[in-house]
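Have a look at the structure below before the remarks.
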């Protein structure tokens, strides 16, 4: 599968000490075996070829990573699940016409933080912890005092060509004005709200005056992720990327004719989601033994780019072609413009942001319930009332299939 190291072996004699060359060969075999287990093959140019198409294949590629994280999280679940579970809803207790969504800020080491983490563990694609600046929310149904969904915004990926092209950025522009962007790396509804198109409602809350003001209060005076200089920042736009290729949640996402997310294109199918945490740690150990700077370089501002650079450094040291990072899954990229002139401000850095059209979370909730959730309940397309919170532990273990769910999951 992967070039190099085909005939190497590691000594298994009692008392023997593995030489550096033996460890290198063993890691090459581990990488080759990993991609084979995922179902990848190689074409004549040595690039990875997906084992198929569609959402089932994407979930299959994430399965090993999810299983590993779930195993590591068992002590957390034993402690937190009993406390968090009562805040998930039974479908029978929800009167959809009275749903009233609000945002609750999540702070570390709180019950809210435990609820947030439990919620993300119900998703079939593992969730990132986020990097750098971070704003996390529980989407709460105040009318029923239950969790409806979760949102997490963090520093955007530095290199995203489809975004930079849409804005019209040069490399210099991006370094100067990336501070005005965040990325929604977690975004979605939980059952039974997910059965009622709650994912659309949750997504719309990002483009709210509440989120804009929260960012201003927390990061209005901030240090640029790349430039390291102090800047006066406004949250102009939020990007998000579909984890399953094309997205039915964000396409043409509008309320009363106003766009809440707009599609700007697709990624090119490169990345590292198919490198598990366990394999990544082996790569770091390999680099650490060679005193490579990237092995432990994960300070503020390095973020997901550090992980990618670390993987590339390990592959180069192993003499493995980095085309193994071309997994071939093109993800749809969307943007929510909090300022109507967001791209103009991001492009030239001169105009004042126009936020006159921003609505409050309360206003957006009312519109979203009327537009999507109540009609979905009335049509009876999905039996959301039979859902019970008692199914959450089985959903976390992957033992429950969610019919018609519209959850957003990121890796």
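Derivation of every value follows stated rules applied to the coordinates shown; laboratory data play no part. Just so it is clear, the structure is predicted and the values come from calculations on it, not from any experiment. Heads up, the Cβs are rebuilt from the backbone with ideal geometry, glycines too, and the neighbour counts pull from every protein chain shown.
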At q = 0.22, 0.24, 0.34 Å⁻¹, what log₁₀ I(q)/I(0) does the stretch 89-132 have when each alpha carbon counts as one equal point scatterer in the Debye sum? -0.99, -1.04, -1.13
Taking every pair of distinct Cα atoms and averaging 1/r, then inverting, what Kirkwood hydrodynamic radius in Å comes out for the stretch 68-167? 15.4 Å
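When 160, 197 are ordered from fewest to most other Cβ atoms inside 10 Å of their Cβ, what list results?
160, 197
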How large is the Kirkwood hydrodynamic radius of the stretch 157-216, in angstrom, based on all distinct alpha carbon pairs? 13.8 Å
Least to most buried among 187, 255 (fewest other Cβ within 10 Å first): 255, 187
Quick one: go through the stretch 186-204 and flag any residue whose amide nitrogen is under 17 Å from the point 7 Å out along the Cα-to-Cβ line of residue 252. 200-201
Among rounded, prolate and oblate, which fits the stretch 312-375 when a ≥ b ≥ c are the square roots of the eigenvalues of its C-alpha gyration tensor, a/c under 1.5 means rounded, and a/b larger than b/c means prolate? oblate
Would you kindly state how much longer the chain becomes between residue 350 and residue 33 on full extension, computed as 0.36 nm times their sequence separation minus their alpha carbon distance, in nm to one decimal? 108.9 nm
Residue 22 versus residue 105: modelled label distance in nm, points set 7 Å from Cα along the beta carbon direction: 5.5 nm
Take the Cα of residue 68, step 7 Å along the line toward its Cβ, and report every residue of the stretch 105-144 whose backbone nitrogen sits under 13 Å from that point. 126
At 7 Å along the Cα-to-beta-carbon direction for both residue 366 and residue 129, put a label point, then send me their distance in nm to one decimal. 4.1 nm
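Once you have the Cα-Cα distance between residue 85 and residue 165, take 0.36 nm times their residue separation minus that, and quote the gain in nm to one decimal.
24.4 nm
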Extension length gain for residue 293 and residue 95 (0.36 nm per residue less Cα distance), in nm, is 65.7 nm
How many nm separate the modelled label positions at residue 340 and residue 316, each set 7 Å beyond the Cα in the direction of the Cβ? 4.7 nm
